[in-house]
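Before any comments, here is the structure.
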Amino acid sequence: MDLALSPEHEAFRRKVRAWLKANLPKREPDDAVRGYRDPQRVSRLKAWQRTLYEGGFVAMGWPAQYGGRGAGVMEQTIVNQELVLARAPQQIGMMGVQMVGPTLIQFGTDEQRQRYLPRILSADEIWCQGYSEPGAGSDLASLKTQAELVGDEFIVNGQKVWTSNAQIADWMFCLVRTDPTAPKHRGISYLLIDMKTPGITVRPLIQMTGDAGFNEVFFDNVRVPRRNLVGELNQGWQVANATLAHERNMLGSTTRTQQMFNGLLQLAQGHQRYGKPASADPVMRQKLAGLMIRVEAMQYHSLRQLTDALRGRPPGIAASINKLVSTELNHEIAALALEVMGNYGPLARSAARAIDRGVWPYEFMFTLGLVIGGGTSQIQKNIISERGLGMPREERGLRG
Amino acid sequence: MDFGLSDDQLLLQRSAAEFLASECPASLVREVARDEEGFPRGLYRHMAELGWLGLIVPDTYGGAGLSFLDLVLLLEQLGRAVVPGPFFSSAVLATLAIMLGGTSAQRQAWLPRLAAGDAVGTLAWLEASDRLDPAGVAARARKSGKAYRLSGQKLFVTDAHVADVIVAAFRSAGRGEEGVTLFLLPRDTPGVTIKPLPSIDLTRRPMEVRFEDVELPAAAVLGAEHKGWKTLARLFDAAAVALAADSLGGAERALELAVDYAKVREQFGRAIGSFQAVKHIAAEMVSEIEPARSLLWYAAYACDSVPRDAARAASMAKACLSDVYSHTTNRAVQIHGGIGFTWEHDLHFWFKRAKWNEFAFGDATYHRERLAQLAKF
């Protein structure tokens with residue numbers, strides 16, 4: 001057991017840090033208030049990803065022939081960590097890089113790879129994920145958006161929901177039902193849909209934060225060429241799952257959690273609560289220390305999983321636990337921040353006396369969305385107990 | 001960067017687990033629980049032969065010279081099997097006290113014997129105040145020529161009744177850290193009386209040790225006069241991590257028992273483990289245990305390799321695992337339903353040990369405050 005980085009990796013980290021220092025875009029003062037579809041915001045974020053890509057830091061793990069560097073897990077982890085530490089802008093093309101890109105590498109045709117991969121990397125084309133529907137959330141496999149194969153085209157009808165980025169996306173990777181008679185997991189296909197196709201309507205949905213962070217997408221006789229099918233017909237569920245298993249950059253997210261906690265601690269030290277610094281109150285200290293322990297446990301937990309990945313060991317139950325624990329932890333950090341602030345807590349960012357530009361109530365709301373999205377905590381507990389502990393699956397639709 | 005176990009460590013884990021599964025089944029724990037002495041001597045001898053008692057003792061003193069992380073991995077297995085007897089008292093507390101605080105003559109005199117299992121040791125620290133700070137050592141050691149006269153009561157001294165040697169903390173001067181002296185004395189020293197303090201944890205034997213004008217020669221001072229607190233402070237961190245390791249093993253076994261039960265117990269026509277309420281409790285248990293494991297590894301690693309972070313890491317691990325073990329055993333008993341509440345079912349051994357571990361060497365509340373101070377909140 002040795003926590004030190006090798007000299008090569010240390011040198012790499014220094015190089016990344018220096019590159020970021022030289023290339024990070026200046027923070028625009030009005031960044032926080034621009035809407036999701038604001039064209040200036042979008043073009044700035046695309047430009048950032050392009051810069052990052054030209055620096056060699058996007059899709060590092062992709063094979064070189066597809067525009068990656070064939071880099072190892074350690075290098076990618078270092079880059080992810082440094083991006084978080086530098087508070088770099090988000091990567092607007094993340095769906096493409098992390099989801100549809102690897103899917104095409106694994107299941108796509110050469111034609112599809114040539115057509116889509118380069119523009120994913122440069123952020124020339126932005127992707128959104130068409131999975132959830134109003135009737136298919138946790139039970140995703142029950143999705144109903146139909147794609148009827150007529151000659152050389154699919155005719156798509158239906159609706160997707162919670163579609164982040166749909167309002168600015170150029171393309172959607174979409175799960176559709178191509179065989180309504182088959183058992184639900186076996187009648188699904190994975191389609192690539194041009195968002196400019198006639199018949200597609202995108203309607204923003206406003207989150208409780210006030211942002212139109214995601215959308216409904218309606219399909220009315222949308223024609224999609226057959227060549228946009230990824231993998232075999234009716235094999236879409238397997239295609240989607242193979243890349244859902246793609247590990248999230250864990251160390252990036254625990255670094256972000258650590259950052260949030262550091263911010264909370266600073267807040268508690270600086271803010272007077274009932275006449276003294278919040279961090280001097282014994283009960284607050286207990287709560288802060290309790291969170292610190294959980295945050296740091298997740299840091300070492302992700303190092304343990306990183307080590308497993310470096311040793312080529314398959315992710316075990318430890319990996320299933322990440323999403324459940326991290327998302328709830330982030331929400332609790334934000335919740336404690338509001339507790340620290342008392343009546344200042346709920347002040348919105350527009351309030352003159354808002355603390356930290358109102359970031360904490362925003363995070364408090366936003367982090368709850370992350371607890372729900374990507375598989376609710378309850379679904380995660382089902383997965384952990386069933387796949388991790390081998391507990392029996394619940395019989396579906398019990399009657400009597 | 002490698003945050004994992006070596007092949008040797010994996011082997012140690014596996015062989016310890018196998019050995020204890022066969023040599024310390026729950027039936028032995030139950031048998032020893034009834035016994036007044038609570039000391040399974042045959043098992044202890046076997047563990048000595050395996051080199052477990054001297055795992056971290058330098059090989060010049062007859063030990064294996066392994067790391068604290070290695071010991072932590074072993075302790076986890078002992079906790080998993082809720083092994084009764086003086087392993088913690090002797091191989092951890094007394095051994096570390098002598099390693100950290102003894103003169104080389106004292107180390108030479110005692111470490112080989114402790115490592116071989118020829119002698120059993122323990123530590124007498126706490127008093128009626130149950131305080132862990134220097135003020136908690138109030139019992140006086142008065143100088144009388146070159147000798148000392150010790151008076152007072154020590155509480156919660158595990159295994160004093162079977163110890164050949166006791167490491168005892170007394171106040172030789174002043175009120176603070178400076179003025180605590182550690183003494184090495186045989187159990188049968190005149191003036192020493194030992195009374196059991198029965199605990200609900202049937203796997204441990206805490207004692208009250210009374211010192212009535214006990215006379216000890218200068219040679220009985222462990223290390224140097226008035227300088228004992230430093231040894232206690234370093235020992236404290238290691239003991240906290242050692243108990244955290246015991247707690248991790250115990251929590252994991254409790255979870256395992258609960259999940260195994262839930263897979264076979266049927267109600268309403270199906271295994272109770274198929275109900276979400278039960279499944280979700282199990283998921284929560286493992287979601288606390290696995291990150292705790294990672295944190296424990298770091299704490300052990302810090303004790304070995306990052307001394308400036310050892311105290312903070314020890315407090316994090318002890319706080320975390322104090323709660324995790326108790327929380328896990330509580331839920332495990334509930335998953336078992338009525339049967340989990342019986343004497344006949346084994347789970348109560350873990351449930352009760354969790355409670356001993358929770359408070360020994362600082363509970364979660366104590367360690368969270370210590371963490372707040374060390375992290376300069």
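The values are calculated or read from the model by the stated rules, or taken from the named source; none is laboratory data. Keep in mind it's a predicted model, so treat the numbers as computed, not measured. Glycine gets a Cβ as well: all are built from the backbone with ideal geometry, and neighbour counts include every protein chain shown.
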Looking only at residues that are among the acidic types (D, E) and more than 12 Å from chain B (Cβ to nearest Cβ) in the stretch A:354-400, which one is farthest from B:E266 (Cα to Cα)? A:D356
As an exercise: evaluate A:V325 against (1) in contact (Cβ under 8 Å) with a residue 12 or more places away in the chain; (2) surrounded by fewer than 16 Cβ atoms within 10 Å (Cβ to Cβ); (3) within 9 Å of chain B (Cβ to nearest Cβ) and give the number of the one condition it does not meet. (2)
Restricting attention to the stretch B:99-123, report how many residues are within 17 Å of B:E225 (Cα to Cα) and touching a strand residue (DSSP E or B) at 6+ places or on another chain (Cβ under 7 Å). 2
Candidates A:V156, A:V217, filtered to the one that is more than 23 Å from the chain's Cα centre (by Cα) and surrounded by 20 or more Cβ atoms within 10 Å (Cβ to Cβ): A:V156
State which residue pairs qualify: first residue within 17 Å of B:R293 (Cβ to Cβ) and free of Cβ contacts under 8 Å to residues at least 12 places away in the same chain and inside the stretch B:250-264, second residue part of a helix (DSSP H, G or I) and of a type outside the set (F, W, Y) in any location, beta carbons under 6 Å apart, and separation of 6 or more residues or different chains. none
So A:T307 passes all but one of these: (1) β-branched (V, I, T); (2) in contact with a strand residue (DSSP E or B) (Cβ under 6 Å, 6 or more places away or on another chain); (3) crowded, with 21+ Cβ neighbours inside 10 Å. Which condition number does it fail? (3)
Would you say B:F3 is touching a Lys or Arg at 6+ places or on another chain (Cβ under 6 Å) and modelled with pLDDT of 95 or more? yes
Report every pair of residues separated by at least 6 positions or lying on different chains whose Cβ atoms are under 8 Å apart, first residue within the stretch A:266-281 and away from chain B (no Cβ under 11 Å) and over 11 Å from A:G342 (Cβ atoms), second of a type in the set (V, I, T) and part of a helix (DSSP H, G or I). A:L267/A:V340; A:L267/A:I355
Note on the stretch A:194-208: residues part of a loop (DSSP other than H, G, I, E, B) and touching an Asp or Glu at 6+ places or on another chain (Cβ under 7 Å) are A:M195, A:G199
Which of the residues spanning the stretch A:29-40 are at pLDDT below 75 and in contact with a Lys or Arg (Cβ under 9 Å, 6 or more places away or on another chain)? A:D31, A:A32, A:V33, A:R34, A:G35
Pairs, please: C-beta under 8 Å, at least 6 apart or cross-chain, first residue farther than 17 Å from B:F275 by Cα and modelled with pLDDT of 95 or more and in the stretch B:326-343, second part of a loop (DSSP other than H, G, I, E, B) and not aromatic (F, W, Y)? B:I339/B:H345
The stretch B:108-158, residues that are under 14 Å from B:L184 (Cβ atoms) and touching a helix residue (DSSP H, G or I) at 6+ places or on another chain (Cβ under 6 Å): B:W110, B:L111, B:L114, B:A119, B:V120, B:G121, B:T122, B:L123
Return the total of residues in the stretch B:344-370 being in contact (Cβ under 8 Å) with a residue 24 or more places away in the chain and among the acidic types (D, E). 3
Which one of these does B:G223 not meet: (1) assigned by TED's automatic domain parsing to the domain that holds B:H348; (2) touching a Gly at 6+ places or on another chain (Cβ under 9 Å); (3) surrounded by fewer than 22 Cβ atoms within 10 Å (Cβ to Cβ)? (1)
I'd like to know if the stretch B:364-371 contains one or more residues that are among the small types (G, A, S), in a loop (DSSP other than H, G, I, E, B) and not assigned by TED's automatic domain parsing to the domain that holds B:T158. no
Could you list, in sequence order, the residues of the stretch B:266-325 that are more than 8 Å from chain A (Cβ to nearest Cβ), out of contact with any helix residue (DSSP H, G or I) (no Cβ under 8 Å at 6 or more places or on another chain) and within 30 Å of B:G338 (Cβ to Cβ)? B:Q267, B:F268, B:G269, B:A277
Helices (runs of 4 or more DSSP H) wholly inside the stretch B:1-103 containing at least 2 residues that are over 22 Å from B:W350 (Cβ atoms) and touching a helix residue (DSSP H, G or I) at 6+ places or on another chain (Cβ under 9 Å): B:7-23, B:41-49, B:68-80, B:95-101
All but one of (1) away from chain B (no Cβ under 11 Å); (2) surrounded by 17 or more Cβ atoms within 10 Å (Cβ to Cβ); (3) aliphatic (A, V, I, L, M) hold for A:A351; state the number of the condition that does not hold. (2)
If only one of A:V84, A:V73 is in contact with a helix residue (DSSP H, G or I) (Cβ under 6 Å, 6 or more places away or on another chain) and away from every other protein chain (no Cβ under 14 Å), which one is it? A:V84
Which residue, of A:S189, A:S138, is surrounded by fewer than 17 Cβ atoms within 10 Å (Cβ to Cβ) and either under 21 Å from the mean Cα position of the chain (by Cα) or in a strand (DSSP E or B) (or both)? A:S138
Against the condition out of contact with any helix residue (DSSP H, G or I) (no Cβ under 6 Å at 6 or more places or on another chain) and either loosely packed, with under 12 Cβ neighbours inside 10 Å or in contact (Cβ under 8 Å) with a residue 40 or more places away in the chain (or both), how does A:K26 come out, does it pass? yes
Going through the stretch A:106-135 one residue at a time, which ones are surrounded by 19 or more Cβ atoms within 10 Å (Cβ to Cβ), touching a residue at least 40 places away in the same chain (Cβ under 8 Å) and either touching a Pro at 6+ places or on another chain (Cβ under 7 Å) or not in a helix (DSSP H, G or I) (or both)? A:G108, A:A123, A:E125, A:I126, A:W127, A:C128, A:Q129, A:G130, A:Y131
Does any residue in the stretch A:290-308 that is facing chain B (nearest Cβ under 7 Å) come within less than 6 Å, Cβ to Cβ, of a residue that is outside any helix (DSSP H, G or I) and of a type outside the set (F, W, Y) six or more places away or on a different chain, and which pairs are these? A:T307/B:D2; A:T307/B:G4
Name the residues in the stretch A:309-319 that are in contact with a helix residue (DSSP H, G or I) (Cβ under 6 Å, 6 or more places away or on another chain) and facing another protein chain (nearest Cβ under 7 Å), would you? A:I317, A:A318
When you check B:R14 against the structure, is it within 30 Å of B:L197 (Cα to Cα), at pLDDT 95 or above and of a type in the set (K, R), yes or no? no
Among the residues of the stretch A:328-341, are any under 20 Å from B:V286 (Cα atoms), polar (S, T, N, Q) and either at pLDDT 95 or above or loosely packed, with under 15 Cβ neighbours inside 10 Å (or both)? yes
Could you tell me which residue of the stretch B:256-265 is surrounded by the most Cβ atoms within 10 Å (Cβ to Cβ), considering only residues that are more than 8 Å from chain A (Cβ to nearest Cβ) and part of a helix (DSSP H, G or I)? B:A258
